[in-house]
Amino acid sequence: MSITADLIRGHTDTIILASLLRGDSYGYRINRALGDLSDGRYEFKEATLYTAFRRLEEEGYIRSYWGDEETGARRRYYTITPEGRVAYDRLMQEWREASELIEKLIHFGADSDDAGTVTQRI
Amino acid sequence: MKAKIKEYLDAVFADAERRASDPSRVRELKEEMLGDLYDKYDHMIENGKSPSAACNAVIAGMGDITDLLDSVVDTAPRTDAEEAPLSAEPTLTSEEREKLQKKRERAALLTSVAIAMYILCWIPLVILSEIFGDLGSMVGLPIMFLMIAGATAMIVYGSMTKTKVTEAEKERDDDDDDDEEDTERRFPVYKAISGALWVLTLVAYLVVSDLTGAWHMTWLLFLMAAALDNIIKAIFDLRRKGT
């Protein structure tokens, strides 16, 4: 499970952008969606989430605004920008390439007939 | 229990709010996080968690926000918002400097008066016993000890105030490197040598005095030891400045 956690944390940006593609949202709702999708197995720490929000906003991929709530305190909503959509497509492409490559590498030598072990240096 | 979450957040954000060039950004982040944390808490309660367990889970689930806070603190103030308040002054204002100077002068004065009292404390005793005989000494002796006690109290008070002053100054000004404590701190070797020197001097004093019987002169040994101590200290200081 720790590989999963690391991988998910490494793709925080992509996950947030994907979530915002479906519609504007705020921090906790995005986290809830992630929890539901993962059947309660994974949730972002607030520190990770908010750092990502700031980073994405700084890069211009998302924008924030204060929403008017009928009840309770005001909430900060995030929305994806056109640059954000472009970034999302790029990140998706990178993920596809990376996962294909890793698939190949972790199966490397499993069907091999080599007598000895050959050390590959990357 | 929800209040505990807010308390925790207030504590964690306190330093950042103070340091930030634009505290309103810090407060907005706190507001945003608080809302989300409350939602999380409510969700846990709905799922049957106890208030204290939910509270702890929410706080623990936050993670380490120090880097996050650092980045908010460094964010430049908004150009459209009203003027950002000045950040806390790290250096001494001239008023503070004056106050510290006065404190220092007072400490020095106390020490000088105390030393004078040490020197003069035997006088009342002598005069009173000359004039009034035994009754005089009965009065003069307590007076002497009172003067000694008073002088010691003044010196201790003065030195403690002075240390506070020099510490406060050291924190803000550049290091001046002339303090005696400084040499002791930088060279534990020096401290050891100095300590040994004094013990040896005492031994030498007792031995020499016993052998020669010249108690009226051998106390000069201590003066020589003091001079030697300063010479050794100077050697260490010069060595350090030289490298």
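Values quoted throughout were computed directly from the atomic coordinates according to the rules given, and no laboratory measurement underlies them. Quick caveat, the model's predicted, so the values are computed rather than measured. Because the Cβ atoms are built from the backbone with ideal geometry, glycine has one as well, and the counts that use them run over all protein chains shown.
Between A:Ser38 and B:Ser21, what is the FRET efficiency for a Förster distance of 30 Å, r being their Cβ-Cβ separation, to the nearest 0.05?
It comes out at approximately 0.20.
Among residues other than A:Thr71 whose Cβ falls under 14 Å from its Cβ, what is the net charge (Lys/Arg +1, Asp/Glu -1)?
Result for the neighbourhood of A:Thr71: -3.
How much FRET efficiency would the formula 1/(1 + (r/R0)^6) give for B:Ser209 and B:Ala108, where r is the Cβ-Cβ distance and R0 is 51 Å, rounded to 0.05?
On the way: r = 35 Å, r/R0 = 0.69.
Using R0 = 51 Å, I get an efficiency of 0.90.
What is the packing order of peptides B:195-208, A:48-61, taking the mean over residues of other C-beta atoms within 10 Å and listing the highest first?
Listed from highest to lowest mean packing, they are A:48-61, B:195-208.
At what distance in nm do the modelled label points of B:Glu31 and A:Phe108 sit from each other, each positioned 7 Å from its Cα along Cα→Cβ?
Rounded to a tenth, the inter-label distance reads 5.3 nm.
At R0 = 25 Å, how high is the FRET efficiency between A:Ala5 and A:Glu59 if r is their beta carbon distance? Nearest 0.05 is fine.
Values: r = 24 Å, r/R0 = 0.96.
Working from the Cβ atoms, E equals 0.55.
Net charge around A:His11, counting only other residues with Cβ within less than 14 Å of its Cβ (Lys, Arg = +1; Asp, Glu = -1)?
Around A:His11, the surrounding residues sum to 0.
Once you put a point 7 Å from the Cα of B:Glu98 and another 7 Å from the Cα of A:Glu97, both along the Cβ direction, what distance in nm separates them?
Those two pseudo-labels are separated by 6.8 nm.
Could you compute the net charge surrounding A:Ala47? Neighbours are other residues with a C-beta less than 10 Å from the C-beta of A:Ala47; K and R count +1, D and E count -1.
Taking every Cβ under 10 Å from that of A:Ala47, the sum is -2.
Pairs B:Lys2/B:Lys30; B:Lys99/B:Lys191; A:Lys45/B:Lys4; B:Lys6/B:Lys40; B:Lys99/B:Lys233; B:Lys103/B:Lys191: which are spaced more than 24 Å apart, C-alpha to C-alpha?
Table pairs above 24 Å Cα-Cα are B:Lys99/B:Lys191; B:Lys99/B:Lys233; B:Lys103/B:Lys191.
With a point put 7 Å past each Cα toward its Cβ, work out how far B:Ala14 is from B:Val139 in nm, to one decimal.
About 5.8 nm, to one decimal.
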